[in-house]
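The values are calculated or read from the model by the stated rules, or taken from the named source; none is laboratory data. The shown structure was predicted, so the numbers you read here are calculated from the model rather than taken from an experiment. For neighbour counting, all protein chains shown are included, and Cβ atoms are generated from backbone atoms with ideal geometry for every residue, glycine included. Side chains included, ligands, DNA and RNA excluded: accessible areas come from the protein's heavy atoms. Shrake-Rupley method; radii C 1.70, N 1.55, O 1.52, S 1.80 Å.
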Amino acid sequence: MSTDSNNTDRADYTVAVIGSGFGGIGTAIKLKQAGINSFIMIERAPEPGGTWRDNTYPGCACDVPANAYSLSFDPNPDWKHKFAHADEIQAYLLRTVDKHGLGEHLRFETEVSSAVFDDQRQQWALHLDNGQQITAQVVIAAVGGLVNPAPPDIEGLADFEGQLFHTARWNHDYDLAGKRVAVIGTGASAVQVVPAIAPSVEHMSVFQRTPAWVVPKGDLVVSETTKQRFRRFPFMQKAVRWFTFCFSEAMGPMIVLDSPRLSGIAERASIRHLERCVSDPVLREKLTPHFQFGCKRMLISDDFWPCFERDNVDLVTDSITRITAKGLVTRDADGNELFHPVDALLLATGFETGLSSAPFPITGRAGKTLADTWKNGAVAYKGMAVSGFPNWFTIMGPNTGPGHTSVLVFTEAQIRYIVQAVRKIASGRARSFEVKQQVQDRYNERIQGRMKYTAWSSGCNSWYLGEDGKNRALFPGFASEYYLRTRRFKRSDYTVR
Ligand code: N01
């Protein structure tokens, strides 16, 4: 275990980073660049990558252009597609880990089972699943927001005797070719996996509960000439990234604001896309959403809707009443039941949310637990710091998701902010920072106050909303606003010890 020379006496590390997806890797690079080498990265899987290690389903790709969905401080001129495929992104992350020498900091197949703040020493003790304990002055939880699959709450799911798996836990040993397949869900994962497997399966039934707005993707294979230009003139790739960001910000109000006039523009574009993709009016009607554009996550695909005109693909809109050993049972509006026999049942039903930023017991100052603090919903200052939990920072915490642009704009803003705090601690200018309760409360009152003006509050059901109907997932504004609000770590917002 290493310790920075100007670090305080007792902690094993200045920083413990939990997780090694985009957030953890980006944080580690920036810590190194700031001269902070006393850090450990704890990763429960055998490999870094987070989302892009776990999601390997056929067709998996990012629906944000690759030039914007990559680290600004580690551009990749070699993206093969405008929208990078999951394996390309994972390869990029593995290369980034090597390039920045993060391997020596990474401890794989190690899970944090609990974290306790030591008031006296102003440092954290992390208990690991292998029985060890490490201490760190600062903990940066980069555990991701959409990690653990959420199976649907449908009677009989456990009784199914065929192949059953979630998109985020794809079973590559099972060959879907020639099989009767059911897919539950029509969200961002489903729109990618359904067209990818449709040509090989014998038959596929896609069970749709709520039709979603889909817009054209316009993917491209990046030419060798473009890659060479990006290599020779990196400013060109920066310019493309900047343009992509500005474009998404300009589109933001159409997606984020509760303005039927603005969302109507996007809705009409999506309907035109539907008309181009599907010729059958009955099918089109079943696929037409009836909520305001932007309320649920916008989907981006050219090949999802056309899939339903294939002979071997059915769209099922009747609700699933139960699952049996051999298939699914649906009931139509007249109460008639229909049995759908299948060999494989694929769950594209999304992820657990809520306390996902705190996936193990976390005890802060004076015995306060994060589970208790967040029992009515996760709340943090700028999504990163929680009162009662000094020196605990979260990447992609509450209200830091975007509805319209690359999540990495938010991730990088958080990294920059948190590293400022870590530098002060590593240099001995402070032992700990704890955000003041009133600062955190004021911030969140403003955030929640603005939610009523967003499309997310316009009346649909989505994973953005908690059980109490509050949106603690997304940031109700421009990404540039978040970026500017987090550019400076203000000591006065914190109790400094
Ligand atoms: O999950 P989802 P996802 N019976 O929650 C349906 C990110 N992501 O894995 O709409 C029947 O969006 C549910 O129906 P309904 C992205 O942030 C990013 O697709 O609730 N259906 C819905 O259709 C995204 O938002 C990329 O009525 C049931 C679907 O399952 C997040 O991950 C790619 C059901 C779940 O959709 C999650 O996306 C993929 C039930 N009991 C994902 N329960 C990028 O490209 C659920 N459903 C960056």
## Note on the structure
Taking the range 93-102 and keeping residues on the phi < 0 side of the Ramachandran plot and either buried (at least 21 other Cβ atoms within 10 Å of the Cβ) or in contact (Cβ under 8 Å) with a residue 60 or more places away in the chain (or both) leaves 93, 96, 97, 100, 102
### Message
Could you go through the range 139-152 and let me know if any residue there is free of Cβ contacts under 8 Å to residues at least 12 places away in the same chain and either of a type outside the set (Val, Ile, Thr) or on the phi > 0 side of the Ramachandran plot (or both).
### Response
no
### Query
Of the residues 293, 339, 233, which single one is outside the structural domain of residue 183 (by TED's automatic domain parsing) and out of contact with any Lys or Arg (no Cβ under 6 Å at 6 or more places or on another chain)?
233
## Note on the structure
Of the residues in the range 139-184, those that are of a type in the set (S, T, N, Q) and in a loop (DSSP other than H, G, I, E, B) come to 148, 171
### Query
What's the number of the condition residue 135 fails, among (1) in contact (Cβ under 8 Å) with a residue 60 or more places away in the chain; (2) in a strand (DSSP E or B); (3) farther than 30 Å from residue 408 by Cβ; (4) open to solvent by 30 Å² or more (accessible area, probe 1.4 Å)?
(4)
### Query
Within the group 443, 464, which residue is surrounded by 15 or more Cβ atoms within 10 Å (Cβ to Cβ), farther than 23 Å from residue 136 by Cα and more than 16 Å from the ligand (Cβ to nearest atom)?
443
### Task
Have a look at 386, 379 and point out the one that is open to solvent by less than 10 Å² (accessible area, probe 1.4 Å) and away from the ligand (no atom under 15 Å from the Cβ).
386
### Task
Give the residue that is farthest from the ligand (Cβ to nearest atom), with candidates limited to residues of the range 190-210 that are in a loop (DSSP other than H, G, I, E, B) and not β-branched (Val, Ile, Thr).
202
### Message
Looking at the range 79-119 only, could you name the residues that are polar (S, T, N, Q) and under 20 Å from the mean Cα position of the chain (by Cα)?
### Response
90, 96
## Note on the structure
When every residue in the range 28-62 that is surrounded by fewer than 18 Cβ atoms within 10 Å (Cβ to Cβ) and within 14 Å of the ligand (Cβ to nearest atom) is compared, the one farthest from the chain's Cα centre (by Cα) is 58
### Query
Here is a list of conditions, (1) modelled with pLDDT of 95 or more; (2) in contact with a His (Cβ under 7 Å, 6 or more places away or on another chain); (3) open to solvent by less than 40 Å² (accessible area, probe 1.4 Å); (4) not polar (S, T, N, Q), and residue 230 meets all of them except one; can you say which number that is?
(2)
### Task
Inspect the range 211-222 for any residue being open to solvent by 20 Å² or more (accessible area, probe 1.4 Å), in contact with a strand residue (DSSP E or B) (Cβ under 8 Å, 6 or more places away or on another chain), in a strand (DSSP E or B) and closer than 23 Å to residue 459 by Cα and give the result as yes or no.
yes
### Task
Would you check which residues across the range 467-497 are part of a helix (DSSP H, G or I) and open to solvent by 20 Å² or more (accessible area, probe 1.4 Å) and list them?
480, 481, 483, 484, 485, 491, 492
### Complete set of residues in the range 254-292 that are assigned to a helix (DSSP H, G or I) and open to solvent by less than 30 Å² (accessible area, probe 1.4 Å)
255, 256, 263, 264, 266, 270, 273, 274, 277, 283, 287
### Task
Quick one: in the range 146-189, of everything that is of a type in the set (Phe, Trp, Tyr) and surrounded by fewer than 17 Cβ atoms within 10 Å (Cβ to Cβ), which residue is farthest from the ligand (Cβ to nearest atom)?
174
### Query
With respect to residue 271, is the statement that it is within 16 Å of the ligand (Cβ to nearest atom) and among the β-branched types (Val, Ile, Thr) true?
no
### Query
Of everything in the range 315-336 that's within 16 Å of the ligand (Cβ to nearest atom) and either touching a helix residue (DSSP H, G or I) at 6+ places or on another chain (Cβ under 7 Å) or not assigned by TED's automatic domain parsing to the domain that holds residue 305 (or both), which residue is nearest to residue 204 (Cα to Cα)?
315
### Query
Under the condition of being within 15 Å of the ligand (Cβ to nearest atom) and free of Cβ contacts under 8 Å to residues at least 60 places away in the same chain, which residue from the range 67-87 is surrounded by the fewest Cβ atoms within 10 Å (Cβ to Cβ)?
87
